[in-house]
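S.K.: One structure follows; several queries about it will come next.
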Amino acid sequence: MNLDDFVDLIERPDGSVRRDAEERRERLTVAPGALGRLDELGEWLSAAQGQVPVRPVEQPRVVLFAGDHGVAHLDVSGRPAGSAATLVRAALDGVSPIGVLARRFGVPLRVVDMSLDCDPEMLPAEITRHRVRRGSGRLDIADALTEDEAEQAFRAGMAVADEEADAGTDLVVLGDISVGGTTAAGTLIAALCGTDASVVTGRGGAHIDDLAWMRKCAAIRDGLRRARPVIGDQLKLLATVGGADLTAMTGFLLQSAVRRTPVILDGVVSAACALVAQRVAFRAPDWWQAGQASGEPAQEKALDRMSLVPLLDHGVTVGEGTGALLALPLVQAAAALLAELPERD
């Protein structure tokens with residue numbers, strides 16, 4: 001598939017609408033600047049919707065791409081290798097942080113299995129229907145995916161974006177459920193930012209100890225050696241060190257921008273996918289907001305490269321879209337204020 005097509009397909013949110021939104025904000029009864037960053041958020045959303053005043057966010061959705069990574073067998077994660085299905089079940093049962101918050105906020109939760117290391121019968125068919133393979137390959141010594149699997153995963157992500165847009169979803173909270181995913185994300189970000197492994201290696205959502213951190217750093221270093229020769233081909237890069245879930249998230253982000261669906265990014269994994277997507281289509285980041293600062297050094301580097309400033313910084317490291325979902329009420333508040341505050345006489 002030709003990823004260069006996205007350059008022509010993705011346009012920026014409507015600049016003239018944003019200017020109209022800014023002018024309308026100047027006329028509101030609340031003094032300019034008094035709402036701080038909420039003004040910027042409301043104007044961004046207005047431009048994404050293409051209308052003034054901005055519409056309330058009424059049909060948000062949490063979308064989580066799930067997968068296991070072979071590199072987790074090197075004990076680089078605080079969770080056992082191949083255990084992502086357990087995390088998926090907890091989210092579906094509403095007993096994980098994302099499950100609790102999604103229920104409390106009344107936001108539908110969708111999980112897309114791309115490469116969980118479990119029998120498909122363990123989960124509902126709606127979740128497993130896009131699965132590419134059972135577990136991704138060990139990125140330090142082998143490709144995470146074949147090129148055919150990478151294209152299949154990328155197209156699956158695009159299909160999910162189309163399904164959400166067609167269903168009327170007006171904002172997506174994007175996250176992942178993975179074991180070993182932050183290692184893959186760190187490898188991608190280090191490759192694209194031209195830095196070495198020690199600079200991007202973090203502690204992960206389950207907070208690993210020093211020995212595990214050293215193993216993770218070594219795995220990213222070895223993955224980098226394999227990633228650098230293919231850095232100019234984004235789909236091959238994802239096949240080499242990304243994995244099915246990250247590849248699908250990249251396709252999802254690009255197609256969501258095509259469909260003019262705004263997205264809130266969660267942690268380092270979604271930031272890595274966004275960075276790859278930016279390399280494909282430079283306008284795409286205008287459709288995204290960074291929900292939270294996860295404390296991962298790789299996320300900070302990726303967001304800085306895309307000029308995205310996190311909406312929240314509460315030290316939430318649990319992942320699974322939790323931090324991004326916490327930022328959703330902020331975006332909804334910005335839309336409500338700019339839509340409903342009266343103008344001066």
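The values are calculated or read from the model by the stated rules, or taken from the named source; none is laboratory data. Quick caveat, the model's predicted, so the values are computed rather than measured. For neighbour counting, all protein chains shown are included, and Cβ atoms are generated from backbone atoms with ideal geometry for every residue, glycine included. To get the accessible areas, we keep the full protein, side chains included, count just its heavy atoms, and leave off ligands, DNA and RNA. Shrake-Rupley method; radii C 1.70, N 1.55, O 1.52, S 1.80 Å.
S.K.: With respect to residue 184, determine if the residue is among the hydrophobic types (A, V, I, L, M, F, W, C), in contact (Cβ under 8 Å) with a residue 24 or more places away in the chain, open to solvent by less than 10 Å² (accessible area, probe 1.4 Å) and touching a His at 6+ places or on another chain (Cβ under 8 Å).
M.R.: So residue 184 passes the test.
S.K.: Could you figure out which of (1) part of a loop (DSSP other than H, G, I, E, B); (2) within 30 Å of residue 217 (Cβ to Cβ) isn't true of residue 56?
M.R.: (2)
S.K.: Restricting attention to the stretch 114-165, which residues are without any contact (Cβ under 8 Å) to a residue 12 or more places away in the chain and small (Gly, Ala, Ser)?
M.R.: If the condition is that a residue be without any contact (Cβ under 8 Å) to a residue 12 or more places away in the chain and small (Gly, Ala, Ser), then 125 is the only one that fits.
S.K.: Test each condition in (1) closer than 25 Å to residue 169 by Cα; (2) without any contact (Cβ under 8 Å) to a residue 12 or more places away in the chain; (3) of a type in the set (D, E, K, R) for residue 320 and report the one that comes out false.
M.R.: Result: residue 320 passes all but (2).
S.K.: Something else now. Scan 258, 263 and give me the residue that is open to solvent by 20 Å² or more (accessible area, probe 1.4 Å) and under 13 Å from residue 157 (Cβ atoms).
M.R.: 258
Conditions (1) out of contact with any strand residue (DSSP E or B) (no Cβ under 7 Å at 6 or more places or on another chain); (2) more than 27 Å from residue 328 (Cα to Cα); (3) aromatic (Phe, Trp, Tyr), marked per residue:
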residue: 71; (1), (2), (3): yes, yes, no
residue: 76; (1), (2), (3): yes, yes, no
residue: 90; (1), (2), (3): yes, no, no
residue: 106; (1), (2), (3): yes, no, no
residue: 115; (1), (2), (3): no, yes, no
residue: 120; (1), (2), (3): yes, yes, no
residue: 135; (1), (2), (3): no, yes, no
residue: 138; (1), (2), (3): yes, yes, no
residue: 144; (1), (2), (3): no, yes, no
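S.K.: Mind listing whichever residues of the stretch 52-108 are free of Cβ contacts under 8 Å to residues at least 24 places away in the same chain and of a type in the set (Asp, Glu)?
M.R.: If the condition is that a residue be free of Cβ contacts under 8 Å to residues at least 24 places away in the same chain and of a type in the set (Asp, Glu), then 93 is the only one that fits.
S.K.: Name the residue that is nearest to residue 99 (Cα to Cα), counting only residues in the stretch 165-181 that are out of contact with any Ser or Thr (no Cβ under 7 Å at 6 or more places or on another chain) and open to solvent by 10 Å² or more (accessible area, probe 1.4 Å).
M.R.: 178
S.K.: Being of a type outside the set (D, E, K, R), assigned to a strand (DSSP E or B) and under 13 Å from the mean Cα position of the chain (by Cα) is the filter here, so list the residues in the stretch 167-189 that pass it.
M.R.: Going through the stretch 167-189, the residues of a type outside the set (D, E, K, R) turn out to be 167-169, 171-175, 177-189.
From the residues that got through so far, the ones that are assigned to a strand (DSSP E or B) too are 171-175, 177-179.
Answer for the stretch 167-189, where residues must be of a type outside the set (D, E, K, R), assigned to a strand (DSSP E or B) and under 13 Å from the mean Cα position of the chain (by Cα): 171, 172, 173, 174, 175, 177, 178.
S.K.: Name the residue that is surrounded by the fewest Cβ atoms within 10 Å (Cβ to Cβ), counting only residues in the stretch 201-230 that are modelled with pLDDT of 95 or more and among the β-branched types (Val, Ile, Thr).
M.R.: Ranking the candidates gives 230 first.
S.K.: Determine whether the stretch 270-280 contains at least one residue that is open to solvent by 20 Å² or more (accessible area, probe 1.4 Å) and modelled with pLDDT of 95 or more.
M.R.: yes
S.K.: Hey, another quick one. Is the stretch 60-72 home to any residue that is buried (at least 19 other Cβ atoms within 10 Å of the Cβ), in a loop (DSSP other than H, G, I, E, B) and under 21 Å from the mean Cα position of the chain (by Cα)?
M.R.: Checking the stretch 60-72: not a single residue is buried (at least 19 other Cβ atoms within 10 Å of the Cβ), in a loop (DSSP other than H, G, I, E, B) and under 21 Å from the mean Cα position of the chain (by Cα).
S.K.: Among 286, 245, which is charged (D, E, K, R), in a helix (DSSP H, G or I) and surrounded by fewer than 24 Cβ atoms within 10 Å (Cβ to Cβ)?
M.R.: Details: 245 fails: surrounded by fewer than 24 Cβ atoms within 10 Å (Cβ to Cβ).
Of 286, 245, the one residue that is charged (D, E, K, R), in a helix (DSSP H, G or I) and surrounded by fewer than 24 Cβ atoms within 10 Å (Cβ to Cβ) is 286.
S.K.: Tally the residues that are assigned to a loop (DSSP other than H, G, I, E, B) and either under 20 Å from the mean Cα position of the chain (by Cα) or of a type in the set (Asp, Glu) (or both), restricting the search to the stretch 73-94.
M.R.: The total comes to 2.
S.K.: Among the residues of the stretch 109-133, what is the count of those that are crowded, with 16+ Cβ neighbours inside 10 Å and of a type outside the set (Ser, Thr, Tyr)?
M.R.: Result for the stretch 109-133: 15.
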